[in-house]
Amino acid sequence: MTDFLNSTDRLDMPAGETVEVRPLDWEMLHRRLIDADDPPIWRSLEELSESPEFFDSLHREFPRQASEWTDPTSRRQFLKLMGASLGLAGLGISGCIRQPEEKIVPYVRQPEDMVPGKPKYYATCTTLGGFATGVLVESHLGRPTKIEGNPDHPASLGATDAFAQASILSLYDPDRSQTVMHSGRISTWGEFLTAMTAQMVDRRRENGSGLAILTETITSPTLANQLQSLRRDLAEAQWFQYEPISRDNVRAGARLAFGEDVTTVYNFEKADIILSLDAEFLVGMPGSLRYCRDFIDRRRVAETSASSAESANKMNRLYAVESMPGLTGAQADHRLPMRAGDVELFTRILAKELGAVPSSQALDLPSEVSRDWLDAVVDDLQTHATRSLVIAGEGQPAIVHALVHVMNRQLKNVGQTVEYLAPVEAEPVDQLQSLTTLVDQMRSGRVQTLIVLGGNPIYNTPGELKFAEAYEQVKFRVHLSHEFDETSFASDWHIPKAHELECWSDARAFDGTTTIQQPQIAPLYEGRSDHELLSVMAGHPEQLAYQTVQHYWKTRLGADDFERTWRKAVHDGIVAGTRSEPRSPEWKFADQTRPDVGTDSKSSSPLGITWEITFGPDPTIWDGRFANNGWLQELPKPITKLTWDNAALISPRTAHRLSINNHDVLEVERNGRSISVPAWIVPGQPDDSIAISFGYGRSRSGRIGTGAGVNAFALRAAESAWFESGVDVRQTGRKYPLSVTQNHHSMEGRDLVQVGTIAQFQQNPEFISHDRRHPEEQSTLYPKAATAENAWGMAIDQTACVGCNACVVACQAENNIPIVGKEQVRIGREMHWLRIDRYYRGGLESPDTCFQPVMCVHCENAPCELVCPVAATVHSHEGLNQMVYNRCVGTRYCSNNCPYKVRRFNFLDDTGEMGYDGDHAPTLSLMRNPDVTVRSRGVMEKCTYCIQRINTAKIEAQMQNRPVKDGEIVTACQQVCPARAITFGNLNDRRSDVAKVKTSPLNYSLLAELNALPRTTHLARIRNPHPMLAGPATNDTPSLEPFPPIDRVKFGAEETGRVSLQSNGHVEAPTRFGGSAGVSSSQIQNAIAHGNSDRLEGS
Amino acid sequence: MSRRKRGKSRDVTNPTVADEPALVSIRTPAPVLEPGHTFGSVTDKISSIVLTRQTSRGWIVGFAISFTLMMAFLYATAYLLARGIGIWGTTIPVGWAFPIVNFVWWIGIGHAGTLISAVLLLLHQEWRTSINRFAEAMTLFAVSCAGLFPLLHMGRPWVFYWMIPYPNTMDLWPNFRSPLVWDVFAVSTYFTVSILFWYMGLIPDLATLRDRTRNRFAQVVYGMMAFGWRGSAAHWQRYEVAYLLLAGLATPLVVSVHSIVGMDFATGIVPGWHTTFSPPFFVAGAIFSGFAMVMTLMIPLRSIYGLQDFVTMRHLDNMAKVILATGSMMFYGYASELFFAYYSGNQYERYVTLNRVLGPYGWSYWGLIACNVVFPQLFWSRRMRQSIPVLFMVSVIVNVGMWLERFIIVVISLHRDFLPSAWRNYHPTIWDYTHLVGSIGLFFTLLFLFVRLLPVISIFELRSLVHETDEEA
């Protein structure tokens, strides 16, 4: 409580003034205390006499400090804190403000649009890597509870990614930093202001020399303006930028091609042929939500039978070259695993073949590529000039990006599928260069004051740079961050940072469109924003972020009619007309063919293998900023299904040759720096290549993030490459248990994910057997439920699902789904109502990856309902399979009897045991969706089709005396899906979207033969392979069973038949596999025959 | 062939050629009561175990061990209630594991009692007399152990009564379609009838104990428990009628209880559960394991308390034959499972069957075949049926085998069903084992108390055998 009061008292101390203890005051104080009619509250005489804060606080009570009362902020602060102190005195909760204080008291006169229990939505944005996604935040009485995409925002179109969904948990994270810290001690903002102001006085005297600011990538115009004006003010001050998941290569590639910075955006809706060179454009890239939507819209061609014939021509085709299995490769019609180092060579060859670069040099194809493959790509790209698209990944060197620009020009794609815009980033720099310069300057003692705005450089800079050592040299280190993290620990001052949902700011999307970020709640933990800190540095500590942002936009939008435009911009979540203007950059690219391409120095490990290591952002916790986000930690990574850890991904063949099993700990060493990391075998990983994701191995995070996984940044070289050749890999003989949510990856010959090609579909749209599509209803003992006005149903398009996991987190956020922790996931007790099953088809080297979202399918003949002894799971007249939590006694019979295994059981009070529930962390109870019950221990739960949303819409409709309109009910998973793979609605309404989708010949019931009649059906996955390249012949991948040693079943699971034979032949050819190992000797021999013999030696 | 020959060689009492077959040989071997006993000697011998014998050191040690295990059970249960069933290895997809395995196993063991008492009574198999009391007690204790598991395995055991159809203000009834509700009825009825039947049989003996004890306290307690039994002709007449009626009532329960437990599985659509032959198969298995358990317990008991005269080789021989017969039924069941998995053409059934045999838990299947099919074959040999160590060993093995069988049905069927993405192996935790071993402790604690405090063999029924055997002699 004292910190609390202190912070108030200190809040608005005039800049530069320090507290002086005057002996005279001591006596005066005595007098005052004795004379006062109403003695002030104090705790003990000792404290009274010793604490300088106390004096200060006493001063504040005197009328001569009347400034407190004229400044609206501090009065507010003062009243808030006094109120909070009184209100929370008995609760012992300090530093926690439940909700905006003006709502603690019921309204005397309630605002017209305020209905308790009815959420309101506010537009704002979330950022990743500096780039904004427009969102709408659902707010219940001032508490933001859920994030939805902003349909008007070009980077969202109504969708969000998993990170944005989970940021609501980051907001309420009980482990967020809650107080200002000074050298490891709790301090106050007031004290910081004093110190900072004194520091700035020094720096100002030297015209900013010795002052440095380190930020992450900044697109915020206001922040950039602040930084620039600070630099104008203090000419010697420096601004450095570093983002661990950097786009340096993209920027450098553009400079190489054009000599200037441009932002490239892609129009996937116009692209017929797409070639991805190690680019993960479906997730994580700026604009990837938009790209995903556009890309998938061009694949959603066979949904309805009517338009099939002519639409089929328009289905796009994706070729993906990948150095580690990702979502883009999973979606590709032709995926080629390739060591990252070989991509450059491949790009050069491709550029030559396309005639984009004149080169007489003879280049040998990398061993991974067959001639046919290259020919098919070249043929496709050339025949689809102006409608093709080549795109390179951020991990690939600048030259690849430059070549890609040239190829796109050669293919006349510029202006069609590729567009160049003025740079979106406020100040595009080579961030690695920027960081290196900073480290050099710190080391040489030229930086006296370093302000780190966000980021965590001690943790996430390349290990070889030794940032931490250099940081020590700086005299005055300030770190503004959400967590008290590694960098905070090494800093003099740590200032808690306000969450994106707590402060005013602005940010730009991938195409430059700007969103005003408006706060949804007052800072829970006294966090400050970047703007406020910069205002302090500029000498205006009293300036609020709101004023800063508004002031900036007043200059941008013009003062006339500002109020209206401003309100509209804030309301819409978009500032109109802020998209970056198009550029037509000059072409400056000269062929820079290097002779050494493809023959880079390869050192050998003791096993005689040249290992390559590839780094990447983690699919769930990114660069470590989400490490303490339980939802993201427990989110199964799309391809590996790993949770709570990162791992060294290796290919099955490499693993087989070196007898590496899953969970084996490998030691990966490069130039004397080494990390020990458990291995995980992933089909589709290039051979002799290890992929490790960043973000793990945090040493100072909260109770969730600390200690999980291995820090891959430590291994990264100073040049911050995304891949390196010549690392040493050793087995340590140790094992480390990894937690995965899916242990079995083969369909075992069952036709669970129906897959067909577009050619097959055109030939016979009915290629899925009739039994699957329209399972004959078999008779049952029990009467059929009466039909109602509404019959809710869902369809999931497996062509569209890219496996991005956004729906999983959205479901978790919407339905208050708990996390259970690594140990519980390891034994199979994860609680996600919606899971994305991932199966492989085809060989182990480069299998086709299928995603199948599975949640409760709401069977009409639900096997679970029959067996519940207490009727806790019952059928509604609208076809929902309802779960009555209060009635559930927890026999788990329903789960046993559920063929889809979608029911989740609260085995323990996990969150309570982890100290991660409302009892232990009060903020978490603020986060809960008030419309959804929080389940207790011993109770079964499962997908409800978001029944709270159904009922809200029904009530609304009933009040207006009309039926529920199609599209009025949007489930959480449906709403968030960037690919719009999920359709939901009323099946009895023939004009509803879902009813239409379900008429598609691709629609089928999962496990139809069980007569459960699921209301959720799946649409077959349609692919568009090049006719010259045969697709995978088999429908299934031999299971990876030999690797987890506990599972050793091997037998031909397909003897049982159930092969759908149609006029056009096999859809799912039966597979028979045997042998004791996952990689059969014949497969290895095939590989040798394909020219990989050099790699196979030494096994 | 050899059997026939053997019958012939021992066929001395009946020279009639027409009656030559083996039928006779069954009637004649070792008597159900060794000759030379009088009413008095029988009463003395049996009541002395309770009334006059010193509490032996063996009893104290055995009781102490059992009691310790029971305490472990209680500790584990307290921990379970405090933290939730997550302390077990139970997970998704294996939502039922050790507790249900233990439940079915104990229920099976609890079968022999009523079968021996009621069914054999109705069939006039008088050899049952020496073992029925003990078998009934065993049934009660086994059903008690069994009954705990379904309660404990619930997520919220404190609301177990919601499964009982009781009138309530919410007008909520259990779901009568669910076999778990049938289970509640079946098990509770079985337990109630078993306890009535057992207690009723005890009344004349309790009166005997009341009359013979010199301890005032025991007199009062036994006297109260004997309900004023005086042994009058009217008493006996009513007793006989009531006993027969109860026997008639109990007989269908023998079939119903385990049939319904079988339906718990058969009703589910889980491949490996969903078979119509589950109910009879479960009943046969229950008799199999029940007799094995009676044998396991009877063999040490008769030697410790010198009851060889009352529980003779004839009894053991008969029980061995029942084990052999039901064991063969089990074998038939296993074989037909394999056949029907193949014959059904259902890929899930096939997979689950192959997974049982060759999957990660294949060891349990082969263990089961060894325990339940191979070892009982020893009982074809008369010599083996006469060998106490063999009988004891095989009966223990059969008990282990039956536990494995339930493990296979419950766990292996669940761990890999329809969608391979959900497949997962099951790993029991220390608490699973504690509850299994602890329940055995509970069972033996009750059994030790029973042996010490009540006549383990029905005195009055044995006395009637004295008369019959005297006549025969």
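Please enumerate, by chain and number, the lysines with C-alpha under 18 Å from the C-alpha of residue A:554, excluding those fewer than 8 residues away in the same chain.
A:568
For residue A:690, what residues show an amide H to amide H distance below 5 Å, using hydrogens built from the backbone and excluding near sequence neighbours?
A:612, A:613, A:614
In the stretch A:466-545, which trypsin sites (Lys or Arg not before Pro) fall in coil by DSSP and have 14 or fewer other Cβ atoms within 10 Å?
Counting only loop positions with at most 14 other Cβ atoms within 10 Å, the trypsin sites (Lys or Arg not before Pro) in the stretch A:466-545 are A:466, A:475.
Within 10 Å of each Cβ in peptide B:422-428, how many partner chain Cβ atoms are there on average? Round it to a whole number, please.
Mean number of neighbouring Cβ atoms from other chains: 6.
Would you mind checking the pairs A:641/A:942; A:146/A:641; A:784/A:954; A:641/A:822 and listing those with alpha carbons more than 18 angstrom apart?
Among A:641/A:942; A:146/A:641; A:784/A:954; A:641/A:822, the Cα-Cα distance tops 18 Å for A:641/A:942; A:146/A:641; A:784/A:954.
Listed highest first by mean packing, meaning other Cβ atoms within 10 Å per residue, what order do A:236-245, A:430-439, A:959-968, A:643-652 come in?
By packing density, highest mean first, the sequence is A:643-652, A:236-245, A:430-439, A:959-968.
Going by alpha carbons, how many degrees (0 to 90, nearest 10) lie between the helix axis of B:459-472 and the longest principal axis of chain B?
Rounded to the nearest ten degrees, it is 60.
Could you tell me the calculated FRET efficiency between residue A:576 and residue A:555, based on Cβ-Cβ distance and R0 = 25 angstrom, to the nearest 0.05?
My answer for the efficiency is 0.90.
I'd like the FRET efficiency for residue B:200 and residue A:1009, computed as 1/(1 + (r/R0)^6) with the beta carbon distance as r and R0 of 41 Å, rounded to 0.05.
0.20
Taking each residue in A:617-624, count the Cβ atoms of any other chain within 10 Å of its Cβ, then average. What number comes out?
0
Could you tell me what a quarter of the Cα convex hull surface of the stretch B:267-422 works out to, in nm² with one decimal place?
Answer in nm², one decimal: 9.7.
When ranked by the protection proxy of mean other Cβ atoms within 10 Å per residue, highest first, what sequence do the peptides B:41-50, A:747-756, B:453-462 form?
A:747-756, B:453-462, B:41-50
Using only the Cα atoms of chain B, build the gyration tensor, take square roots of its eigenvalues as a ≥ b ≥ c, and label the shape rounded, prolate or oblate: rounded if a/c is under 1.5, else prolate if a/b is larger than b/c, else oblate.
oblate
Please determine, in degrees from 0 to 90 and to the nearest 10, the orientation of helix B:216-225 with respect to the longest principal axis defined by the Cα atoms of chain B, where the helix direction is its Cα long axis.
Tilt relative to chain B: about 60 degrees.
Express in nm, to one decimal, how much length is gained between residue A:877 and residue A:205 on full extension, taking 0.36 nm for each residue of separation and deducting their alpha carbon distance.
This chain segment gains 234.2 nm when fully extended.
Below 8 Å, C-alpha to C-alpha, sequence gap of six or more: please give me the relative contact order for the stretch A:184-315 in percent.
15 percent
Kindly identify the stretch B:185-322 as rounded, prolate or oblate by the Cα gyration tensor criterion: order the square roots of the eigenvalues as a ≥ b ≥ c, call it rounded if a/c is under 1.5, otherwise compare a/b with b/c, prolate if a/b is larger, else oblate.
Judged from the Cα gyration tensor, the stretch B:185-322 comes out prolate (a/c at least 1.5, a/b above b/c).
Find how much the distance from residue A:886 to residue A:934 grows on full extension, using 0.36 nm per residue of separation minus their present alpha carbon separation; answer in nm with one decimal.
16.2 nm
Amide H to amide H under 5 Å from residue A:238: which residues, 5+ apart in sequence or cross-chain, H placed 1.01 Å off N in plane?
Excluding prolines and chain starts, which carry no amide H, the hits are A:211, A:212, A:213.
Rounded if a/c is under 1.5, else prolate if a/b beats b/c, else oblate: with a ≥ b ≥ c from the C-alpha gyration tensor eigenvalues square-rooted, which is the stretch A:961-1025?
It is oblate, given that a/c is not under 1.5 and a/b is not larger than b/c.
For peptide B:335-348, compute the average count of partner chain beta-carbon atoms within 10 Å of each residue's beta-carbon.
Neighbouring Cβ atoms belonging to other protein chains average 2 per residue here.
Mean shadow of the stretch B:40-93, computed from the convex hull of its alpha carbons, in nm²?
One quarter of the hull surface, i.e. the mean projection, equals 6.8 nm².
Could you sort A:481-493, A:697-709 so that the peptide with the highest average Cβ count within 10 Å comes first and the rest follow in order?
Averaged packing, sorted descending, gives the order A:481-493, A:697-709.
Computed from the coordinates by the stated procedures, all read-outs in this text should not be read as laboratory data. The model shown is predicted, which means the values in this text are computed figures rather than measured ones. Because the Cβ atoms are built from the backbone with ideal geometry, glycine has one as well, and the counts that use them run over all protein chains shown.
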